[in-house]
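Below you'll find the structure, written out as structure tokens, and then a few comments.
The values are calculated or read from the model by the stated rules, or taken from the named source; none is laboratory data. Please read all numbers here as calculations on a predicted model, not as lab measurements. Please note: Cβ atoms are built from the backbone with ideal geometry, for glycine as well, and neighbour counts cover all protein chains shown.
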Amino acid sequence: MRKIGGFCDYFVIASANSLRQTSAVAKAIEDELDADRIKSLSKVPRSDESGWIVLDFVSVVAHIFNKPMREFYSLERLWSDAKKVRITKSA
């Protein structure tokens, strides 16, 4: 992202099946990184109804979407010039 956006190195884009799950995924990311003393410049809203939560960790910006919102905003299309890196869960 740095070469085309200049404001971060990576976008992490994730989907969830409901608004509640969207908030839970965002909160889990925030809690896990907080345990490693990595703080977000933004916070997970207590009762988010937007379907899109953004956590800004300066060099990494995490976008957690409810599936319909992800399809609507289509960040992958908007930022299609960025190099894609697929992360797989390791055992």
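For Tyr73, are the conditions met, namely being within 21 Å of Thr88 (Cβ to Cβ), among the hydroxyl-bearing types (Ser, Thr, Tyr) and surrounded by 11 or more Cβ atoms within 10 Å (Cβ to Cβ)? It is false that Tyr73 is within 21 Å of Thr88 (Cβ to Cβ), among the hydroxyl-bearing types (Ser, Thr, Tyr) and surrounded by 11 or more Cβ atoms within 10 Å (Cβ to Cβ).
The residues of the stretch 42-57 that are under 15 Å from Cys8 (Cβ atoms) and either modelled with pLDDT of 90 or more or in contact with a helix residue (DSSP H, G or I) (Cβ under 7 Å, 6 or more places away or on another chain) (or both), listed by number, are Val54, Leu55, Asp56, Phe57. Within the stretch 1-60, the residues that satisfy the criterion of being part of a loop (DSSP other than H, G, I, E, B), acidic (Asp, Glu) and surrounded by 12 or more Cβ atoms within 10 Å (Cβ to Cβ) are Asp9, Asp48.
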